Amino acid sequence: MRNLACTALMAVLPVCAAASETVAFDGSWKEQGFLRLFSNDYVQRGRQLDVVSDGTVSLLWRPVDRSQRSAEAASWAWRVEEGVSATDLTAKGGDDRNLSVYFVFVDPDRADALAGRSARRILREESARALIYVWGGAHEVGSFLPSPYSPRLRTKVLRAADVGEFKENVNLLQDFRKAFGAEPGALIGIAVSADSDDTNSRIVAAIADLHLD
């Protein structure tokens, strides 16, 4: 295993309202690889997830609790200490990015049947849609982009390719409507990914204080 550098997010999000629910990095998140046998290194530390991607790519997936399926907003803090160069996020096989946070929705009538399934299985579902927030790429911040891999995926660029530390607050409902032109349905799972395989570079990053509202 590659040496996993520990990162510490010094910024702390403000205390959330009572309706906010924390999504902890508590060991319940499971890594899912893509077609090639490349994998990132993840360390789940409760409120924080440390990530190292060294010429690799994979996704860390967690189903949400039933009480979180109606979430309309999310917030988190994230940090990139080493990152990849700016890429074209619409180009298949050339779309490296520092960090991505996926919010996956399905038809509410299918949520119970799909609960606990893998991200790959859920995204084959006809009603499934993934709203992806990205740090990286050579695109204008705020852009909504089609995925080169599936019409069920849409990307919103939150941060350009660079290093630093930021807090994010996103409106899942509004962004989903803008990305897909429809209502989101039920939130069924969340994923975090780092992608450095195309540029054969290295990412050292972290995400912390993930909340759903």
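Computed from the coordinates by the stated procedures, all read-outs in this text should not be read as laboratory data. The shown structure was predicted, so the numbers you read here are calculated from the model rather than taken from an experiment. Glycine also receives a Cβ, built like all others from the backbone with ideal geometry; neighbour counts cover every protein chain displayed.
Tell me the label-point distance for the pair residue 65, residue 30, using the 7 Å Cα-to-Cβ offset, in nm and rounded to one decimal.
2.0 nm
Report the relative contact order of the chain, percent, no decimals, based on alpha-carbon pairs under 8 angstrom and at least 6 residues apart.
Rounded, it is 36 percent for the chain.
For every other residue with a beta carbon closer than 11 angstrom to the beta carbon of residue 26, add +1 if it is Lys or Arg and -1 if Asp or Glu, then tell me the sum.
Net of charged neighbours comes to +3.
Among the aspartates and glutamates, select those whose C-alpha is under 16 Å from the C-alpha of residue 92, and discard any that sit fewer than 8 residues away in the same chain.
Once the sequence-local aspartates and glutamates are set aside, what remains near residue 92 is 195, 197, 198.
Can I get the semi-axes of the chain's equivalent ellipsoid? Compute them from the C-alpha gyration tensor as square roots of 5 times the eigenvalues, in angstrom, largest first.
Numbers: eigenvalues 112, 79, 59 Å².
Three semi-axes, in Å: 24, 20, 17.
Under 13 Å from a point 7 Å along the Cα-to-Cβ line of residue 72: which residues of the stretch 185-203 have their amide N that close?
Zone members listed by number: 185.
Could you give the C-alpha radius of gyration of the stretch 104-166 expressed as a fraction of 2.2 N^0.38 Å, taking N as the number of residues it contains?
Cα Rg divided by the expected 2.2 N^0.38 Å: 1.33.
Helix-derived [θ] at 222 nm for the chain: sum -39500 (n - 2.57) over DSSP H runs of at least 4, divide by residue count, nearest 500? Please list the in-between numbers first.
Details: 3 runs with 17 residues, N = 213.
Calculated at 222 nm, the ellipticity per residue is -1500 deg cm²/dmol.
Rounded to two decimals, what ratio of Rg to Rh does the stretch 119-213 give with C-alpha atoms and a Kirkwood Rh?
Values: Rg = 13.9 Å, Rh = 14.8 Å.
Using Cα coordinates only, the ratio equals 0.94.
Hey, what do the phi angles of the stretch 78-94 turn into as Karplus ³J(HN,Hα) couplings, whole Hz, using 6.51/-1.76/1.60 and θ = phi - 60°, x for Gly and Pro?
Each residue's phi maps through the Karplus curve to give 9, 9, 10, 9, 10, x, 8, 6, 5, 10, 8, 6, 9, 9, 5, x, x Hz.
Cα centroids of the stretch 95-150 and the stretch 157-213: how far apart, whole angstrom?
9 Å
Within the chain, which is the longest segment that contains none of the trypsin sites (Lys or Arg not before Pro) sitting in a DSSP loop with at most 10 other Cβ atoms within 10 Å?
The segment 93-213 is the longest one with no such site.
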